[in-house]
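Structure first, commentary second.
The values are calculated or read from the model by the stated rules, or taken from the named source; none is laboratory data. Model, not experiment: these values are computed from the prediction. Every residue, glycine among them, receives a Cβ derived from its backbone with ideal geometry; neighbour counts consider all protein chains shown. Each accessible area value is taken on the protein alone, full model and side chains, heavy atoms only, with ligands, DNA and RNA left out. Shrake-Rupley method; radii C 1.70, N 1.55, O 1.52, S 1.80 Å.
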Amino acid sequence: MKRLLGVTLAAVALIATASPARADDPHGGEVTAVSLRSAPGRADFVVNIRGAVDVQDFLLDSPARLVLDVKGAHLGATATLYDGVSRGGIRNVRYSQFRPDVVRIVLDLESAKPYKIDRTDGSIRVSFGAEKAFAAWTSLAAAPADDDLADAQPAPLARPAPAAAASRPEVLVATSRPQPVRSALDEPRITVTWDKASVADVVAGFASFSGRTIILGKDIKGEVTAEIKNQPWPQAFQAILATQGLTAQEMPGGIIRVDAPSVLAALDSLEPLETNVVRVNYANAGSLAKTVESILTKNRGRVVADTGSNALIVTDTKSRIGSIADFIRGLDVRTPQISIQAKIILVDRTDIEQLGVRYDLGSQNQFFNQLVQRTDPSTGKPFDKTVDVVNLGGNSLSAVGNASSTITGSALDLIFSTAIGGFSVTSFLSALERVDLSDVQAEPVISTLDNRQADILVGEETPVRIIDASSQGGTNGAPRATVQFKETGIRLTVTPHVTNNRQILMQLHTERSAVQILQQADLGYNFQKQSADNQLLVDDGETAVIGGLTVTQVTKTKTGIPLLSALPIVGKLFSFSSDTENRRDLVILVTPRIIDDGDAAR
């Protein structure tokens, strides 16, 4: 089987934030290469240096490792990944620019053992005791094990940019502490080529590169032939596992398990369950239960909402119960509180102009008793208004003009009477000009939580009588009737949301409705309604103006004597005219203010 062909880094996120010393700096040292060589009865780890440097060494345990700090030096060689082969008790070699003037080299040992450091002009030599000889390794060219790969060279390394500095310097000295959570894009990037490499070797290479503990499942076999160029190692790791039908699962503490999905699921099914009570402070426990249920272990986890204590009772595996509790606490946050001040202005203006002339023509013997009341000579009392006296025996004439046209509450009434021969002529002039103005201003203030709906109503409830003509009831057999209440007036419904930059996104519903009584009593009421739905994004304390709710109604009515009412100029003397203009304006001003920033306020 062919072994690992070549592994090179595309970016190393293990250098310090400051720029390393330049190669042309005469006062700075340089680490040009590292190598591991075999000698009779010992293993020599050699660090090639240039310039004046100092070295400091110390041993660490759990796991055993030797740390060399080359002070006053910068890393001048390309950082080649160690091939993962154990040589003379050394399992892995890692090195990087730890600080601007320090190159840190870490040797992972199978066990703690004595060592000796020798210093020469061009190198630092660390010697260990070794029972067996081994093939040498150097960072300048990784020596393949097979003869047919003797000419294979690793890909060149591009020097990492300082922007990636100090992202994970603690990886060089591994400890038992869990590593901080990082995005996959922030992880070191890897360029690697495999040619029929075993899955175990590939997993070991990723473990060496990442500094993580990766455990491979039992009896996993397979060969990997792939090439990865400049990709974050977690994504590359998942892609390689997917080609083999494997998956990775991170355990509490940071250990990564690699096995078939069915095997990992079977292991999870054997893990004991644990029940935890998570109290919810701000959110409603019942509303969170459905969301939490979606992340529980399938067929094993369950969640119950206790409305009395507003808590969630969660049951799941012991390894996941802590992360689920953290997930619930992440949802249970104190949301901002918003005060919404609205100013509702309603202007209702009605202009009425009415003008009309009525005529009465009659004699003592013949007349219409509608406009001028006559007296019955036989009784001396006025005739009833509905009685019209007409003499059919002689040459008489009677007439009524615009008798049915009246002006209710007229402001001006004029009566003119004259006698022409044996006839009396009476004219009635009525005129009215009226302006009705209603100006209503309401300033309601309401406070609500983020993403909670607030409703403002300025109006009244009108009882509406509903008659069921198909039903019969009561003693007289009249149909049954019920009463329903209809809300009318000005309504404002708003749902605010505070964005990350402290702007307020409002979903608004504005409505103006009014009741109008119909002339036909049996038809009841007519409800006029104007509404609008929109969304606004305003700053904290900014006023948003909602317009467009304007209604103008113009009604013109003219009745009169045919032909005469159509005459120019004098036509108004023989007609009744009524001009009515009704205008309703609705303006709503909304000013939201953040009065409580939620968790930020605390």
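Principal axis analysis of the Cα atoms in the range 197-270 yields extents of 39, 26, 16 Å, listed in decreasing size. Residue by residue, the range 559-569 carries 3J(HN,Hα) couplings of 10, x, 6, x, 6, 5, 5, 8, 5, x, 6 Hz when phi is fed to the Karplus relation 6.51 cos²θ - 1.76 cosθ + 1.60 (θ = phi - 60°); x denotes Gly or Pro. In sequence order, the range 318-325 has phi-based couplings of 4, 6, 10, 5, x, 5, 5, 5 Hz under the Karplus curve 6.51 cos²θ - 1.76 cosθ + 1.60, θ = phi - 60°, and Gly or Pro positions carry x.
Each residue of the range 272-282 was assigned a 3J(HN,Hα) from its phi angle through the Karplus curve 6.51 cos²θ - 1.76 cosθ + 1.60 (θ = phi - 60°); the sequence is x, 8, 9, 10, 9, 9, 10, 7, 10, 8, 10 Hz, with glycine and proline shown as x.
Shown here for the range 357-465: chymotrypsin sites (Phe, Trp or Tyr not before Pro) in loop regions (DSSP other than H, G, I, E, B) with at most 15 other Cβ atoms within 10 Å, namely 383. Apolar share of the accessible surface for the range 382-436: 56 percent from carbon plus sulfur atoms, 1.4 Å probe. Could you compute the FRET efficiency for residue 229 and residue 507, with r as their C-beta to C-beta distance and R0 at 56 Å, rounded to 0.05? Between residue 229 and residue 507 the formula returns 0.75.
Entry comment: accessible area of the range 242-289 is 57 Å² per residue, from protein heavy atoms only and a probe of 1.4 Å.
Entry for the range 231-383 at q = 0.08, 0.14, 0.21 Å⁻¹: log10 I(q)/I(0) = -0.50, -0.89, -1.26, Debye formula applied to identical alpha-carbon scatterers, no solvent contribution.
For the range 80-137, run through the chymotrypsin sites (Phe, Trp or Tyr not before Pro) and keep only the ones in DSSP coil with at most 16 other Cβ atoms within 10 Å of their Cβ. Present the calculation step by step, with values, prior to reporting the outcome.
On the way: sites: 82, 95, 98, 115, 128, 134, 137; in loops: 82, 134.
In loop regions of the range 80-137 (DSSP not H, G, I, E or B), the sparsely surrounded chymotrypsin sites (Phe, Trp or Tyr not before Pro) are 134.
As a length-normalised measure over Cα pairs under 8 Å and 6 or more apart, the relative contact order of the range 377-467 settles at 17 percent. Could you state the number of Å between the C-alpha centres of the range 254-297 and the range 90-138? What the calculation gives is 44 Å, centre to centre. Distant-in-sequence amide contacts of residue 43, defined by a placed amide H-H separation under 5 Å and a gap of 5 or more residues or a different chain, comprise 128, 129, 130. For residue 425, the residues whose amide H sits under 5 Å from its own are 418, 419, 420, ignoring neighbours fewer than 5 places away on the same chain, with H placed 1.01 Å from N.
For the range 184-218 versus the range 527-589, the spacing of their alpha-carbon centroids is 78 Å. Here residue 309 sits with roughly 50 square angstrom of accessible surface, probe radius 1.4 Å. Average accessible surface for the range 508-597: 62 Å² per residue, computed with a 1.4 Å probe over protein heavy atoms with every protein chain in place. Under 5 Å between amide hydrogens, built in the peptide plane, is the criterion, and for residue 140 it picks out 34 among residues at least 5 positions away or on other chains. For the range 294-372, what does the relative contact order come out to in percent, with C-alpha contacts under 8 Å and a separation of six or more? Rounded, it is 15 percent for the range 294-372. Residue 460 contributes about 100 Å² of solvent-accessible surface, heavy atoms of the protein only, 1.4 Å probe.
Heavy-atom accessible area, probed at 1.4 angstrom with all protein chains present, ranks 206, 527 as 527, 206, highest first. Using 0.36 nm per residue and subtracting the Cα-Cα separation, the extra length available between residue 275 and residue 442 on full extension is 54.8 nm.
Go ahead and collect, in residue order, the members of the range 484-514 whose backbone nitrogen is under 14 Å from a label point 7 Å along the Cα-Cβ direction of residue 528. Residues 489-490, 512-514 qualify, since their backbone N sits under 14 Å from the label point.
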